[in-house]
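A quick write-up on the structure given underneath.
The values are calculated or read from the model by the stated rules, or taken from the named source; none is laboratory data. Owing to the predicted nature of the structure, the values given are computational and were not obtained by experimental measurement. As a convention, Cβ positions derive from the backbone with ideal geometry for all residues, glycine included, and neighbour counts pool all protein chains shown.
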Amino acid sequence: MEKSIDRDTLSVTKQKTHHLSKTLTKWSQILPISVWMLLLVVIPLIYVLVMSFMSRDFYGGIVYKLTLNNFAQVFETQNLMIYAQSIWIGGLSTIICLIIAYPFAMFIAQKGPVSKTILMALVIVPSVSNSLVRLFSWVTLLRKTGIVNTTLEKLGIINHPLAMVYNTNGIVLGMVYLLLMFMIIPIFNSLDRIDHNLIEAAEDLGATKWQILKEIIIPLSKPGIFAGCIMVFIPSLGYFFVSDVMGGGTSTMMGNLIENQFQTSRNWPLGSAISVMLILLTIILLIIFQRRGGDMSDLGGR
C-alpha cells in the first residue's frame with residue numbers, strides 16, 4: 001500500500017517537474033522577445049503619445065503641460081492639403097503596385113518549388129541594399145542629363161529632355177519601386193494556398209480562364225490583395241526620403257511634414273500628434289482587414 005502511494009507521489013512530482021520545465025522553456029523563449037518589443041516598440045510609442053499632449057515654448061523646448069492644441073493644429077487647412085496629396089500619391093502607388101504585382105505573383109505561384117524559391121529570392125534580394133542608394137541610381141538614370149534622356153535624344157526620339165524625376169511622377173516611381181515587394185509577397189502567399197483541385201474542377205465543368213480568374217482565384221486571393229494594399233499604402237505616407245530624392249522637395253507628404261516638425265520647426269508635440277494620427281489610421285485599416293476575414297500572417301509572409 002505504501003509503495004503504491006509512493007509511486008503515485010513520484011508520478012505526480014514528475015508531472016509537476018515536467019510542467020514546470022515546459023513553462024520555464026516557454027518563458028525563456030518569450031521573455032527576450034517581450035523585453036525587446038517593450039524597449040523598442042511599446043515605450044517609444046507611449047513616449048510619442050505622451051509628447052503629443054505636451055506644449056512647446058518659443059525656442060522649441062518641451063513644456064510639460066497638457067494641451068489638445070496640437071491635435072487642433074493637425075486638422076488645419078494647410079495640413080489637410082498635405083494629407084490629401086499624400087493619400088493621392090499613396091493610393092496611386094498602391095494601385096500601380098497591385099496592377100504589376102498580381103500577374104507576377106500569379107506567374108510565380110504556378111511554378112515548381114525550386115523556381116518559386118529562385119523567383120521570390122529575386123524579389124526580396126534587392127531590398128538588402130540601401131534604399132537611398134537605389135533611389136539615387138534612378139535619379140542618375142532619369143534626370144534631364146541622365147542616361148535615359150541622353151540616349152533618347154541621340155536616337156532622335158525626343159527633342160527635349162523628359163521630366164521623369166523631381167516631380168510627382170518621380171515620387172510615384174520611387175514608391176512603386178521600393179514597395180512593390182510588399183505587394184507581391186502577401187498576394188503570392190494567398191495564391192499559393194489556393195487548392196488547385198478547385199481550378200481543375202472548374203476546367204472540367206467547362207469554365208473559361210476568365211471565369212476561373214473572376215470566380216475562384218480573385219475571391220480566394222482577396223486577403224492577400226488587401227494585406228498588400230495596407231503594406232504599400234501606409235508606408236507610402238511616411239516615406240519622406242522618397243519625396244526628397246525623387247521629388248526634389250517639390251511635393252510635401254505626411255512623412256515630410258512629420259520630419260519637418262522634428263528637424264526644422266522643432267515642434268515635437270505637433271510632430272508627435274501627426275504621428276499618432278498616422279498610427280490610428282494604420283490601426284483602423286488593420287481592424288477593417290481583420291473584420292473582412294483577413295489573416296494577420298498575410299501581413300508578414302508565411
Residues (closer than 24 Å to Ala163 by Cα and among the charged types (D, E, K, R)) located in region 99-147: Arg134, Arg143, Lys144
Any hit, region 60-77, residues being over 30 Å from Asp192 (Cα atoms), of a type in the set (D, E, K, R) and surrounded by fewer than 13 Cβ atoms within 10 Å (Cβ to Cβ): yes
Among the candidates Val172, Val176, Val114, Val128, residue that is at pLDDT 90 or above and over 30 Å from Ser272 (Cβ atoms): Val114
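Only one of Leu286, Leu270, Leu257, Leu280 is touching a residue at least 40 places away in the same chain (Cβ under 8 Å), in a helix (DSSP H, G or I) and within 17 Å of Ala84 (Cα to Cα). Can you tell me which? Spell out how you get there, then give the answer.
Working: Leu286 fails: within 17 Å of Ala84 (Cα to Cα); Leu270 fails: within 17 Å of Ala84 (Cα to Cα); Leu280 fails: touching a residue at least 40 places away in the same chain (Cβ under 8 Å).
Result of the check over Leu286, Leu270, Leu257, Leu280: Leu257.
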Only listed residue being closer than 22 Å to Val74 by Cβ and crowded, with 20+ Cβ neighbours inside 10 Å, chosen from Pro223, Pro186, Pro269, Pro235: Pro269
